[in-house]
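Peer 1: What follows is a structure written as structure tokens; I'll ask about it next.
The values are calculated or read from the model by the stated rules, or taken from the named source; none is laboratory data. Note that this is a predicted model, so its numbers are computed, not measured. For neighbour counting, all protein chains shown are included, and Cβ atoms are generated from backbone atoms with ideal geometry for every residue, glycine included.
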């Protein structure tokens, strides 16, 4: 069975991030963020250029797939639900049902995953990356679930 991993940035530093990827035999990172930056000095290592250099030094490939990122309107829909529940982006534990429905209809159902799957590594595994620490609080879990349901992937969530 083929495997796909998911990983977030929050709660990790650069060393821990690379260690988690190495421990899981990840050889390719698939960045599915809309914006390839993270605010604040704590996560500066995860900004696009620094992240790519870090991965290159670790022998891990990098691909950016913005077609799998939620657009600004969808992100704001989730932020409104976070506000309603009194949680922040970094403490969210699950996605809003309306966000899941709209992300699935507007992004995931229209995405062609076969080309991405065809470029996954033969040796090692690929990892879908975004920022949230908890996979179920991030759209990467929806992409990974789709890959499991339709293409028979085993999903490994690295982190919480």
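Peer 1: Report yes if some residue within the range 90-101 is surrounded by 19 or more Cβ atoms within 10 Å (Cβ to Cβ) and in contact (Cβ under 8 Å) with a residue 60 or more places away in the chain; otherwise report no.
Peer 2: No, the range 90-101 contains no residue that is surrounded by 19 or more Cβ atoms within 10 Å (Cβ to Cβ) and in contact (Cβ under 8 Å) with a residue 60 or more places away in the chain.
Peer 1: Could you pull out the residue among 146, 150, 140 that is assigned to a helix (DSSP H, G or I), in contact (Cβ under 8 Å) with a residue 12 or more places away in the chain, more than 25 Å from residue 37 (Cβ to Cβ) and out of contact with any helix residue (DSSP H, G or I) (no Cβ under 7 Å at 6 or more places or on another chain)?
Peer 2: 150
Peer 1: Restricting the search to the range 114-125, which residues are in a helix (DSSP H, G or I) and surrounded by 16 or more Cβ atoms within 10 Å (Cβ to Cβ)?
Peer 2: The one that is in a helix (DSSP H, G or I) and surrounded by 16 or more Cβ atoms within 10 Å (Cβ to Cβ): 116.
Peer 1: Say we look at the range 24-35 and pick out the residues that are over 11 Å from the mean Cα position of the chain (by Cα) and modelled with pLDDT of 95 or more; which of these is farthest from residue 62 (Cα to Cα)?
Peer 2: Step by step, filter the range 24-35, then rank; the result is 24.
Peer 1: Sort through 128, 120, 108, 113 and tell me the only one that's more than 14 Å from the chain's Cα centre (by Cα) and closer than 14 Å to residue 32 by Cα.
Peer 2: Checking each option against the conditions leaves just 113.
Peer 1: Quick check: is even one residue across the range 36-55 exposed (fewer than 14 other Cβ atoms within 10 Å of the Cβ), at pLDDT 95 or above and in a loop (DSSP other than H, G, I, E, B)?
Peer 2: Looking through the range 36-55, none of the residues is exposed (fewer than 14 other Cβ atoms within 10 Å of the Cβ), at pLDDT 95 or above and in a loop (DSSP other than H, G, I, E, B).
Peer 1: From 108, 128, 158, grab the single residue that is surrounded by 14 or more Cβ atoms within 10 Å (Cβ to Cβ) and without any contact (Cβ under 8 Å) to a residue 60 or more places away in the chain.
Peer 2: Checking each option against the conditions leaves just 108.
Peer 1: Now a separate question. Those residues that are under 15 Å from residue 21 (Cβ atoms) and in a helix (DSSP H, G or I), I need them from the range 56-70; list them, please.
Peer 2: 56, 57
Peer 1: Loosely packed, with under 14 Cβ neighbours inside 10 Å, out of contact with any helix residue (DSSP H, G or I) (no Cβ under 7 Å at 6 or more places or on another chain), assigned to a helix (DSSP H, G or I) and at pLDDT 95 or above, is that true of residue 83?
Peer 2: For residue 83, the condition - loosely packed, with under 14 Cβ neighbours inside 10 Å, out of contact with any helix residue (DSSP H, G or I) (no Cβ under 7 Å at 6 or more places or on another chain), assigned to a helix (DSSP H, G or I) and at pLDDT 95 or above - is not met.
Peer 1: Okay, moving on. Could you check the range 65-79 and list, in sequence order, the residues that are without any contact (Cβ under 8 Å) to a residue 12 or more places away in the chain, out of contact with any helix residue (DSSP H, G or I) (no Cβ under 9 Å at 6 or more places or on another chain) and exposed (fewer than 13 other Cβ atoms within 10 Å of the Cβ)?
Peer 2: Matches in the range 65-79: 76 only.
Peer 1: Another one. Picking from 46, 5, 16, which residue would you name as being in contact (Cβ under 8 Å) with a residue 60 or more places away in the chain and over 28 Å from residue 151 (Cα atoms)?
Peer 2: On inspection, the qualifying residue turns out to be 46.
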